[in-house]
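A.B. asks: This is the structure, below, for whatever I ask next.
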Amino acid sequence: MATIRIRNTGEQLVDEANIRQFLTDNGVYYDHWSLDAIPAALHNRFQLDDAEKEEILKSLAPQIEALAQARGYVKWDVVAMSEATPNLDEILKKFEQIHTHTEDEVRVMAAGSGVFIIKGKDGGYFDVELTAGDVISVPEHTPHYFTVTAERKFVAVRLFIDPSGWVAHPYDDPAFTQA
Ligand SMILES: [Fe+2]
């Protein structure tokens, strides 16, 4: 289950109904999936070869296909990151720049955890911390970035409407609060 921290006030949301309402109010799609279909041998694994990534996609196929059909995604893949990822710090530094896309950014957290930092409708930023099973979509043109939590590892499914058009446009925002 996701949790939310509002940067301007320090307020934390942990109640599921409040979290869902807050995300809906900010135009952010949110859902939570059961991951029971993922084979036990792939649980809590953060270094995955292509066949293992395929197996995760296959095990989640009914949920992925329903989401894709409902929201227009045509392609999906799996990304895994951990301390074992070469140049992890460099990659994270690149991640941690506020940007926008011309299409929405959808992620299914399949293992581990991660955070989306998103610009809210009131102009302030909020953090959505995701754990396994959380599904989120940051709307198109909404400033945001993604990073890891203290455990620095996650496996996520990404879905795309047009993978070739999924480009990050930097967004320089003086209103952004770093901490
Ligand atoms: Fe993004």
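A.B. asks: Against the condition modelled with pLDDT of 95 or more, of a type in the set (Asp, Glu) and within 16 Å of the ligand (Cβ to nearest atom), how does ASP77 come out, does it pass? Give the steps one after another, and end with the answer.
C.D. replies: On the way: modelled with pLDDT of 95 or more: yes; of a type in the set (Asp, Glu): yes; within 16 Å of the ligand (Cβ to nearest atom): yes.
Answer is yes for this residue.
Okay, residues lined up against (1) surrounded by 13 or more Cβ atoms within 10 Å (Cβ to Cβ); (2) within 17 Å of ALA156 (Cβ to Cβ):
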residue	(1), (2)
GLY27	yes, no
ASP50	no, yes
LYS53	yes, yes
ALA66	no, no
ASN87	no, no
GLU90	no, no
ILE98	yes, no
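A.B. asks: Exactly one condition in (1) in a helix (DSSP H, G or I); (2) surrounded by fewer than 17 Cβ atoms within 10 Å (Cβ to Cβ) is false for LEU23; which is it?
C.D. replies: (2)
A.B. asks: Also, I was wondering about something else. Out of all the residues in segment 140-179, which are loosely packed, with under 12 Cβ neighbours inside 10 Å and assigned to a strand (DSSP E or B)?
C.D. replies: Across segment 140-179, the qualifying residues are HIS169, PRO170.
A.B. asks: Check off (1) within 12 Å of the ligand (Cβ to nearest atom); (2) without any contact (Cβ under 8 Å) to a residue 24 or more places away in the chain; (3) not hydroxyl-bearing (Ser, Thr, Tyr) for LYS93 and give me the number that stays unchecked.
C.D. replies: The one condition LYS93 does not meet is (1).
A.B. asks: Now, a different point. With respect to VAL79, is the statement that it is surrounded by fewer than 20 Cβ atoms within 10 Å (Cβ to Cβ) and of a type outside the set (Ser, Thr, Tyr) true? Don't jump to the end; show me each part of the working.
C.D. replies: Working: surrounded by fewer than 20 Cβ atoms within 10 Å (Cβ to Cβ): yes; of a type outside the set (Ser, Thr, Tyr): yes.
Yes: the conditions hold for VAL79.
A.B. asks: Look at segment 28-43 and say how many of its residues are in contact with a helix residue (DSSP H, G or I) (Cβ under 6 Å, 6 or more places away or on another chain) and within 10 Å of ALA132 (Cα to Cα).
C.D. replies: The total comes to 1.
The values are calculated or read from the model by the stated rules, or taken from the named source; none is laboratory data. None of the values given here were measured: they were computed from a predicted structure. Using ideal geometry, Cβ is built from the backbone for each residue, glycine included, and neighbour counts are taken over all protein chains shown.
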